[in-house]
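Structure first, then comments.
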Amino acid sequence: EGIAHRKQRCWDIEAIFGDIKHNMNFKRFALRGIEKVNVEIGLVAMAHNLKKLALVI
């Protein structure tokens, strides 16, 4: 069961990170500190979700 769950992760999560890194050209965090990094990754995630939403509309 755990191995099957781990195999599914490749399809569910890794594609999103690949899209963010390659298509959105996000390679490094510009800010320092855990709170600032959380804000930055939140903005990147929102941009990714808005991009997906724009494709549907």
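Scanning the stretch 1-30 for residues that are open to solvent by 80 Å² or more (accessible area, probe 1.4 Å) and in contact with a helix residue (DSSP H, G or I) (Cβ under 8 Å, 6 or more places away or on another chain) turns up LYS27, PHE29, ALA30.
Among the residues making up the stretch 40-57, those that are under 13 Å from the mean Cα position of the chain (by Cα) and either of a type in the set (A, V, I, L, M) or open to solvent by 90 Å² or more (accessible area, probe 1.4 Å) (or both) are ILE41, LEU43, VAL44, ALA45, MET46, ALA47, LEU50, LYS52. For ILE34, are the conditions met, namely being aliphatic (A, V, I, L, M) and open to solvent by 100 Å² or more (accessible area, probe 1.4 Å)? Yes, satisfied.
The values are calculated or read from the model by the stated rules, or taken from the named source; none is laboratory data. What you are looking at is a predicted structure, and each value in this text was computed from that prediction instead of being measured. Please note: Cβ atoms are built from the backbone with ideal geometry, for glycine as well, and neighbour counts cover all protein chains shown. Accessible surface areas use protein heavy atoms only, side chains included; no ligands, DNA or RNA. Shrake-Rupley method; radii C 1.70, N 1.55, O 1.52, S 1.80 Å.
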